[in-house]
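The values are calculated or read from the model by the stated rules, or taken from the named source; none is laboratory data. Just so we're clear, the structure is a prediction, and the values are computed from it rather than from any experiment. Cβ: placed from backbone, ideal geometry, glycine included. Neighbour counts: every protein chain shown. All accessible areas refer to the heavy atoms of the entire protein, side chains included, with ligands and DNA or RNA removed. Shrake-Rupley method; radii C 1.70, N 1.55, O 1.52, S 1.80 Å.
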Amino acid sequence: MGLVKKKAGAAPSGPAAPDAQADPLADPLADPLAALEDADASVRRDAAHGLGHAAPPGAVAALARRLEAEGDAGVREAILTALARIATGEAAAALLPFLDREDAALRNGVLESLQQMPAEVAAPALLPLLGHADPDLRIFAVQGLGGLAHPGRADWLAAVMERDADVNVGLAAVEALAEAGSPEALSSLETLARRFPDDPFVAFAVDAARSSFRGG
């Protein structure tokens, strides 16, 4: 049998060369902290979801930084969900500065994330805000605390109604108390009514809460 000349460029005989391994840096999620800054919103969203399930050191700070600059609603939601899943004191504290923003959707999202955390994590972050000089922040704290299933909730709301000098903060506490279904603080409603006897909004809110606790 005659010899057969090999074709030019043909692969040499022998075991096939293994395929080159994919460059790990080509995967935008190989480093989820870096992926939070990717130009693609879907990559940032996936990175936030991943960090919520497995948070390496620095994850909370990176998520908070991204939330500061993030304009995509889906990515924002993913970041808030991730911080709620991480559910540490650091994560709760990282959310608090966003309660002072003009963006109502962001504020509401932050409150929901705090309320999704265990009460023993969220409450220590929110309680100091009850003494803040800004009544709006005190209102947000009342709203956040009102949504926590914590044994101290009724006492916190009662203290607000009995002591806070801003009528709107007191009204927020009445609303939170009614939504939480905490009739044990009923006497504090009466205290609030006595503190602001000439305010029709207080009279209406207290009467409505009183009726709900007493079954109409």
Through the Karplus equation 6.51 cos²θ - 1.76 cosθ + 1.60, θ set to phi - 60°, convert the phi angles of segment 87-97 into ³J(HN,Hα) values in whole Hz; use x for Gly and Pro. 6, 10, x, 5, 5, 5, 5, 5, 7, 4, x
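Listed highest first by mean packing, meaning other Cβ atoms within 10 Å per residue, what order do 40-47, 140-147 come in? All intermediate terms of the calculation are to be shown ahead of the outcome.
Working: 40-47: 18.4, 140-147: 24.2.
For the peptides 40-47, 140-147, the packing ranking is 140-147, 40-47.
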Take peptides 112-121, 95-104 and line them up by average Cβ neighbours within 10 Å, highest first, as a rough protection proxy. 112-121, 95-104
Accessible area expressed per residue, segment 63-216, with surrounding protein chains retained (probe 1.4 Å, Å²): 47
With a 1.4 angstrom probe the carbon and sulfur portion of accessible area for segment 86-199, in percent, totals 50
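Could you order the peptides 202-209, 161-168 from most to least packed, using the average number of other C-beta atoms within 10 Å per residue?
Values: 202-209: 17.9, 161-168: 16.2.
Sorting 202-209, 161-168 by mean packing, highest first, produces 202-209, 161-168.
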